[in-house]
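To start, the structure under review is shown below, and the notes come after it.
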């Protein structure tokens, strides 16, 4: 490393301190930390809403909240968890890790990076402010279906502008990630040597750029229908309420892969480390991820079979949906083949990764069942669906992220986290989340519709059990918060390598890494690449 | 299928014992989809169970391999990691086998779907219209129709902190004032649509739900095999009282059905009678209270205080104490962009006259005026 480079490096380390450091930062690690902090805060905000929902559903009868408020809790819980937790959380991982994994000093577009984060606090202020407006928060479900959504009161424009802000943030973040991966790779870091986490985020970014504008268009049409006299979705004015559902789900289905693909990537990093064995079938993992993303554009109508469509349409969307099971299966089999004949240890990240594989697969099975159109005419809009998407999103996307936090926290902070508490957090979460969501399969099959604040007596027992699971799961996450704070403040010094089985460029940097990750690019060869 | 039910119950009981909660252990657990009472529902149920068992078999193999690895390939047992990282043959196998399984699932699913969409040759047609928050059923050929809303005792008990025990209510939240009555053994074509927002009409025993969408008419069919009362609910979020608009379907033998139809036709004629005469204030107030309870109280509340600002108060409200023609206009035409529906198509002249008169003279309002059905008829033009 030349003196000039060293000098430049030191010069750049003079950055603002205090709050200005965070407000003006263009550093990928600072911005990554901001994203992850926002996601954690929103995890507790959205979680508190889930607690209200589970509290009201614990017993039959309405005890605590009126139905309108219940509906706005269900609506905001979904919007906060999707747009406020999983999306910013995975962008936080991308910011921290992509430059370190591809041997770059920082992201390609640092100022854009700052902006794409700082839009979000405004977006969520707008969204959460609606709870204090006349008429209350949005209560038409996160899917925002008209004409019901058009009955929203003063909250309507706030929600729509909040969604626009979140979308703009996501698009800017995606552009930055694509620009970074295309341009900032170290010499020898070819595409087929990229760590799988980088691959999944590259594909996710393209999904975001393709679909967020579609959502923006849909919600803008809602806005003009409400305030400017258009009739895009108003049947009486010659419009079509079903048009919205098509446009929304054209965004909505790729969106579910936007939420899960980064966690696929995280799990694909964790499993080889604690199996002490290279990832099985790297190339087929890349192709499977790309196939899933491609197919996700052709299955949107499986969210709305009961809306009514021609037989040919129903058959097309059923076959297309079933076909996604093939690349998804390939991924699961490859993860298991990675573990097969490895030398396994079970630190907290590995526990979360294994739980991810098992529980995400259960969510995949229920997803396959939902894709069978005739049976979907029974399953649709019941708690079976609620159970399904919480298995793929909570024990899928969120468990992947929790595992990722434990995996990279020593690298980020330079301290080891408390392994005993981490295991406690895992076992409490893994058990309670199943008590919470598994009975919801039974509720749905037995006939309980989703999004209802009160229910008939035959659903009482499972709802009670589900609520107990929910409270334990919610409280367990406070332990997670404590573990993170404890790890940031103190803990055993982490080595550069951290985990003895870890491979990849991020583990060649000190723990914590320098402010600018790689000031001179490392040389990547087959021997030093991921596998 | 009784065998599988036993197994499911066994699982449920095991789960209950684990929790050791007296309330839980004593309870009856609903676990699975109903097999229903129609050809379609049985076919969908069998399909559901077939795919469920296939998923269980795949899960047993996949998780079995995984847990074998977790127990035997652990470092603490001295396992040394192999370094293989791909096998073309294995990857081909686990791509091709799932494709074969999926094709195997797609064949019966396609057959069932084709059958579901065959709505022709129906013996009769019922039009189902979703309203916030009740259903309207129109029997197309005999030419009568009625609203079907949550039963009064459920409606009282479901109020926030009502103090009433849901357990004491007959079929809490799954009972209505006027059930849908159909004959057994007849192919019935259901046409679903909606008046305001999207709803979904669902009776699990029929095997399907259908969205009811303004501006659309969806077709479905059912032939109920066994007499009985079958209950369901609205399945698409439709606003505040989405959880409180159940569906009750009463299937009866054909002769009983025809007797019921005759009754209904006579009752319908009685209900619209009196549109030409003058009504006394007391008659209008009594009738108006019934209509108010059925159509208005869900939003404006039984005491007329509403839930402002979404659902304004009528007690002392600007419309209910303002000019009578504007009041009538609001009830007939609704207020676009809000939950206030246009009731002109739902209520006859007598009902409209009565409910407007009631709203102007109840809850402490004292407009004092009386609106006659004839005036409503004139205002409609």
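The values are calculated or read from the model by the stated rules, or taken from the named source; none is laboratory data. All of these numbers come straight from a predicted model, not from anything done at the bench. Cβ atoms come from the backbone with ideal geometry, glycine included; neighbour counts cover every protein chain shown.
Among the candidates A:78, A:48, A:74, the residue that is surrounded by fewer than 20 Cβ atoms within 10 Å (Cβ to Cβ), within 14 Å of another protein chain (Cβ to nearest Cβ), modelled with pLDDT of 95 or more and part of a helix (DSSP H, G or I) is uniquely A:78.
Of the candidates A:218, A:179, A:210, the single residue that is away from chain B (no Cβ under 14 Å) and crowded, with 23+ Cβ neighbours inside 10 Å is A:218. Please enumerate the residues belonging to segment B:195-208 that are under 13 Å from the mean Cα position of the chain (by Cα) and under 19 Å from residue B:149 (Cβ atoms). Selection gives B:198, B:199, B:200, B:201, B:202, B:203.
Annotation: residue A:489 fulfils all but one of (1) away from every other protein chain (no Cβ under 14 Å); (2) buried (at least 18 other Cβ atoms within 10 Å of the Cβ); the unmet one is (2). Taken together, A:288, A:293, A:236 contain a single residue that is farther than 29 Å from residue A:81 by Cβ, out of contact with any strand residue (DSSP E or B) (no Cβ under 6 Å at 6 or more places or on another chain) and part of a helix (DSSP H, G or I), which is A:236.
Out of the residues in segment A:301-314 that are surrounded by fewer than 18 Cβ atoms within 10 Å (Cβ to Cβ) and assigned to a helix (DSSP H, G or I), which is nearest to the other protein chains (Cβ to nearest Cβ)? Ranking the qualifying residues of segment A:301-314, first place goes to A:311. If you go through segment B:36-45 one residue at a time, how many are part of a helix (DSSP H, G or I) and either at the interface with chain A (Cβ under 10 Å from one of its Cβ atoms) or touching a strand residue (DSSP E or B) at 6+ places or on another chain (Cβ under 6 Å) (or both)? Total meeting the criteria: 5.
Give the residue that is surrounded by the fewest Cβ atoms within 10 Å (Cβ to Cβ), with candidates limited to residues of segment A:247-299 that are out of contact with any helix residue (DSSP H, G or I) (no Cβ under 7 Å at 6 or more places or on another chain) and more than 12 Å from chain B (Cβ to nearest Cβ). Selected residue: A:294.
Output the number of the condition that residue B:213 fails; it satisfies all remaining conditions of (1) more than 12 Å from the chain's Cα centre (by Cα); (2) buried (at least 24 other Cβ atoms within 10 Å of the Cβ); (3) farther than 20 Å from residue B:131 by Cβ. Residue B:213 satisfies all of (1) more than 12 Å from the chain's Cα centre (by Cα); (2) buried (at least 24 other Cβ atoms within 10 Å of the Cβ); (3) farther than 20 Å from residue B:131 by Cβ except (3).
Please work out which residue is modelled with the lowest pLDDT, limiting yourself to segment B:23-35 and to residues that are surrounded by 15 or more Cβ atoms within 10 Å (Cβ to Cβ) and within 9 Å of chain A (Cβ to nearest Cβ). It comes out as B:24.
The rows are residues; the columns are (1) surrounded by 18 or more Cβ atoms within 10 Å (Cβ to Cβ); (2) more than 12 Å from chain A (Cβ to nearest Cβ); (3) part of a helix (DSSP H, G or I).
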{"position": "B:220", "(1), (2), (3)": "yes, no, no"}
{"position": "B:226", "(1), (2), (3)": "no, yes, no"}
{"position": "B:231", "(1), (2), (3)": "yes, no, no"}
{"position": "B:237", "(1), (2), (3)": "yes, no, no"}
{"position": "B:240", "(1), (2), (3)": "yes, no, no"}
{"position": "B:251", "(1), (2), (3)": "yes, yes, no"}
{"position": "B:256", "(1), (2), (3)": "no, yes, yes"}
{"position": "B:259", "(1), (2), (3)": "no, yes, yes"}
{"position": "B:265", "(1), (2), (3)": "no, yes, yes"}
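Within segment B:163-194, the set of residues being part of a loop (DSSP other than H, G, I, E, B) and either within 10 Å of chain A (Cβ to nearest Cβ) or within 18 Å of residue A:446 (Cβ to Cβ) (or both) comprises B:163, B:164, B:165, B:169, B:171, B:172, B:173, B:174, B:175. Contact map, segment B:109-130: first residue part of a loop (DSSP other than H, G, I, E, B), second residue surrounded by fewer than 21 Cβ atoms within 10 Å (Cβ to Cβ), Cβ cut-off under 6 Å, separation 6 or more or different chains; pairs are B:117/A:311; B:119/B:189; B:119/B:219; B:122/B:187; B:122/B:189; B:123/B:186; B:123/B:187.
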